[in-house]
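Take a look at the structure below.
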Amino acid sequence: PHLAALVLARGGSKGIPLKNIKLLAGVPLIGWVLRAAIDAGVFHSIWVSTDHDEIEKVAKQFGAQVHRRSPEVSQDSSTSLEAITEFLNHHHEVDIVGNIQATSPCLHPSDLIKVADLIQKEGFDSVFSVVRRHQFRWSEVKKGENKMTEPQNLNPAKRYRRQDWPGELYENGSFYFAKRHLIEKGYLQGGKMAYYEMRAEHSVDIDIDIDWPIAEQRVLSFGYFGKEPLKEVKLLVCSIDGCLTNGRIYVTEDHKEMVSYDYRDIVGIDLLKKRGIQVRLISDRDCSKTLSAMQLGCVAKVSVTNKLQVLKDWQEDMGLSWKEVAYLGNEESDVECLKQAGMSGVPADGCAAAQKAAGYICRSRGGCGAVREFAEHIFLLLEKVNSARKQ
């Protein structure tokens, strides 16, 4: 049977405008779940249902196909079931839909693989995600009512210790898998049902109970970053024009060139060096005089016609794997380097091709703190590496 992943991502949002493609830890929100779905390798097709051009663009960048939903199922009052039903009406090849919520950025491929087995091999008609919570519930007493609250799932005289109580299962909204015949009857849950219990640290739902800065920390700690495990970064290669500088060149009357840079980026480079990470600089043009004036103390290569070859030479000379190399670039000449490096970033004003190839998109523009921001991103991911080693 044809199993399709479907992410619903309309352009309208009552809370955060275009929330589904807002950057979360340097990646568009929808990109986290699309990466997990693609790497799971269990879907015959992966779709994003949207009514917005920008969301369509991002979805395609991450390798998904796009279903342009109609205005009728793109309203504030439209339900997920209506949007899924419309999708099935246009895609008769699909037998099972895995509806994945864009607002669950800590989803991992391993979860999706196990759920696919439940519905394809064990014969369940619908499977949905839950999380175990240890919360005591009490009955609500509305204002003006003359009655007492009552315990719902505990005996106050014999309160459980957390470790002695298994807790309760709650839907966490990460995904709902269902066979076509159920959806056509108007159900996402029905028939032979099963729940799939996710780990609490992976149950992040931005819509319900978490704000953006907290979500970024959770994703950096518990998110899925790719098939290969992260390794400690030992080399950062940074493009000079447009990353370390803002790309502008000022020419004086006596034909001398001047550029500007942000002191925060110099501090970022110093912090990287103190952590034992080498920083090397690269440029398409001859900016050796500028580098000499900046006195950064970094190995640099200028007038480069093939940045990828230089990057490969440096990587081989240092005896590093690609997972130990980070690259910050902003132009089309950086694209292949961004694709090859284990960790890649681009300033907020980098070109579209570079943004598509990069794993992290800075909030800062080139020459305005992007290097410092990318350095801090590297430090956060190194904490994740060290934490995994300890475990």
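Residues to consider are LYS312, LYS307; find the one that is over 20 Å from ASP265 (Cα atoms), open to solvent by less than 20 Å² (accessible area, probe 1.4 Å) and modelled with pLDDT of 90 or more.
On the way: LYS312 fails: open to solvent by less than 20 Å² (accessible area, probe 1.4 Å).
Selected residue: LYS307, the only one of LYS312, LYS307 that is over 20 Å from ASP265 (Cα atoms), open to solvent by less than 20 Å² (accessible area, probe 1.4 Å) and modelled with pLDDT of 90 or more.
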Give the number of residues within segment 92-140 that are assigned to a loop (DSSP other than H, G, I, E, B) and either buried (at least 17 other Cβ atoms within 10 Å of the Cβ) or in contact with a helix residue (DSSP H, G or I) (Cβ under 7 Å, 6 or more places away or on another chain) (or both).
-> 13
Flagged pairs (Cβ under 7 angstrom, 6 or more apart or on separate chains; first in segment 29-43, farther than 19 Å from SER203 by Cβ; second modelled with pLDDT of 95 or more and open to solvent by 30 Å² or more (accessible area, probe 1.4 Å)) are VAL42/ILE113
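Taking the condition within 21 Å of HIS181 (Cα to Cα) and either open to solvent by less than 10 Å² (accessible area, probe 1.4 Å) or of a type in the set (D, E, K, R) (or both), does LEU3 pass? Reasoning before the result, please.
On the way: within 21 Å of HIS181 (Cα to Cα): yes; either open to solvent by less than 10 Å² (accessible area, probe 1.4 Å) or of a type in the set (D, E, K, R) (or both): yes.
Here the answer is yes, as LEU3 does meet what is asked.
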Consider VAL279 carefully, then state whether it is among the hydrophobic types (A, V, I, L, M, F, W, C), part of a strand (DSSP E or B) and crowded, with 18+ Cβ neighbours inside 10 Å.
-> yes
CYS337 vs. criteria open to solvent by less than 20 Å² (accessible area, probe 1.4 Å) and modelled with pLDDT of 95 or more = yes
List, please: which pairs have Cβ atoms under 8 Å, are six or more places apart or on different chains, and start with a residue in segment 348-367 that is assigned to a strand (DSSP E or B) and end with one that is surrounded by fewer than 18 Cβ atoms within 10 Å (Cβ to Cβ)?
-> ILE361/LEU23; ILE361/ALA348
Which is part of a helix (DSSP H, G or I), at pLDDT 85 or above, buried (at least 20 other Cβ atoms within 10 Å of the Cβ) and in contact with a strand residue (DSSP E or B) (Cβ under 7 Å, 6 or more places away or on another chain), of CYS243, CYS238?
-> CYS243
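On the given criteria, is VAL58 closer than 19 Å to TYR176 by Cα and in contact with a helix residue (DSSP H, G or I) (Cβ under 8 Å, 6 or more places away or on another chain)? First the steps, then the outcome.
On the way: closer than 19 Å to TYR176 by Cα: no; in contact with a helix residue (DSSP H, G or I) (Cβ under 8 Å, 6 or more places away or on another chain): yes.
When the stated conditions are applied, VAL58 does not pass them.
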Mind checking which residues of segment 270-317 are within 31 Å of the chain's Cα centre (by Cα) and over 28 Å from GLU232 (Cβ atoms)?
-> ASP284
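The values are calculated or read from the model by the stated rules, or taken from the named source; none is laboratory data. Predicted model, so just to flag it, every value in this text is computed and none were measured. Cβ: placed from backbone, ideal geometry, glycine included. Neighbour counts: every protein chain shown. Remember, those area values only see protein heavy atoms, side chains included, never the ligands or the DNA or RNA. Shrake-Rupley method; radii C 1.70, N 1.55, O 1.52, S 1.80 Å.
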